[in-house]
Amino acid sequence: MIALKFIKEERLYILLLIFVLLFNAIVLLHGEDKMKERPASRLRVFEDQDARKQEMERLLAKNEDLFLIFGLVSVLIVGVALLGIVIDIVILPMILARRLNIRSLSPPRVKWNIWDVCKVAILFLFFGHMLILAEAFLSRAFPIFKADNFRMMVNSSILDTLAVVFIIYFTVIRYREPLAALGVSARNFLKNIFYGVVGYLALVPVLILLLMIIAVIINITKYVPERQPVVELFLKEKGVAFLTYSSLFAAIIGPIIEELFFRGFLYGALKKYIGIFWAMTATAALFAALHAHIVGFFPIMALGILLAYIYEKTGTLVSSVTIHMIHNLSMVFLVFLVKKIGII
């Protein structure tokens with residue numbers, strides 16, 4: 001009886017979920033043949049790595065300005081890593097020993113639940129698939145919709161806007177919660193920005209260590225991961241206006257919306273059922289998994305744990321958004337540097 005009542009009350013979301021699953025099943029079956037072609041090409045890419053290294057060395061030797069920029073970036077990364085190690089050695093033990101308390105506003109117990117989070121996810125996926133169908137139809141009359149980068153920009157802009165609308169509806173409108181329940185608060189704003197900067201500096205040595213371990217594993221297994229679509233976008237796109245918008249979106253808008261969902265919305269719901277530790281771990285793992293990049297899973301998960309931890313400590317999204325923005329901005333800068341070198 002309970003199951004039937006649930007199906008009756010939530011039949012709209014169940015139907016939307018069925019549509020999404022069927023859509024993906026059709027796409028998966030249609031793309032099966034293309035997936036078989038990937039291993040050979042990935043092996044070829046691995047074999048070309050030595051040639052890429054030699055090409056990079058040649059370009060740096062030929063272009064003095066590029067060599068200077070590359071050197072300065074290398075020194076900056078080393079300096080940031082050393083500063084992060086100092087922070088980890090000095091400040092982290094103080095936090096663990098509770099001699100340094102950074103709590104300013106504990107996140108409140110929220111009224112929404114995990115099923116509400118699932119509803120937002122279902123709506124997000126449904127409208128995402130509807131956008132794909134709409135763009136397939138519009139591409140016949142407007143060729144610009146055939147361009148992958150343009151579609152990615154349009155999809156990200158529309159879906160992220162819808163995500164904010166859905167989250168606000170299920171929290172502020174439906175449950176009449178204040179925005180502060182989502183972590184949207186300017187209390188201790190500057191102090192929380194400072195916490196975010198220090199927190200990211202402390203994370204840098206961990207990220208570098210994880211990347212070094214992953215690099216060793218890749219070298220041993222000869223596994224070559226595919227680049228993320230957003231990286232392909234930055235490397236291949238040449239339009240200044242498009243690159244400017246995409247950079248601002250990746251470095252500013254994206255982090256705000258992702259923090260609103262993962263930390264403000266999802267973490268608050270999970271914490272009611274599984275506690276702080278497991279909520280941090282689960283949101284970080286999901287955060288990493290949804291970035292759809294095997295090699296980056298553990299570094300992104302480490303970032304996600306820090307984001308959840310600092311949100312739990314400060315009670316606002318200011319610190320986590322600051323960390324997320326710094327990280328994404330750093331990644332965008334490194335991608336542009338690689339593009340400038342022009343070997344990938």
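No value in this document is a laboratory result; all are computed from the given coordinates. All values derive from a computational prediction rather than experimental measurement. With ideal geometry, Cβ positions are generated from the backbone for all residues, glycine too; neighbour counts draw on all protein chains shown.
Okay, here's what the table says:
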item: Sum of side-chain charges, residue 4 neighbourhood, beta-carbon under 12 Å (Lys, Arg +1; Asp, Glu -1); result: +1
item: Cβ-based net charge around residue 153, under 12 Å, with every Lys or Arg adding one and every Asp or Glu removing one; result: -3
item: Estimated vicinal HN-Hα couplings, Hz - region 4-13 in sequence order (Karplus 6.51, -1.76, 1.60; Gly, Pro = x); result: 5, 5, 4, 4, 5, 6, 10, 4, 4, 5
item: Mean-position separation - Cα centroids, region 212-280 and region 9-24, in angstrom; result: 26
item: Rounded to the nearest 20 debye, dipole of region 249-344 from Cβ charges on Lys, Arg, Asp, Glu; result: 60
item: Using θ = phi - 60° and Karplus 6.51 cos²θ - 1.76 cosθ + 1.60, couplings along region 210-226 (whole Hz; Gly, Pro as x); result: 4, 5, 5, 4, 5, 4, 5, 5, 4, 5, 6, 7, 6, 8, 10, x, 7
item: Gain upon complete extension [residue 22, residue 142; 0.36 nm per residue less C-alpha separation]; result: 40.4 nm
item: Pairs beyond 32 Å (Cα-Cα), from 5/111; 111/191; 119/238; 8/271; result: 119/238
item: J(HN,Hα) series, region 247-260, from Karplus relation 6.51 cos²θ - 1.76 cosθ + 1.60, nearest Hz, glycine and proline x; result: 5, 5, 5, 5, 8, 10, 5, x, x, 4, 5, 5, 5, 4
item: Charge tally in the Cβ shell below 11 Å around residue 321, where Lys, Arg are +1 and Asp, Glu are -1, residue 321 excluded; result: -1
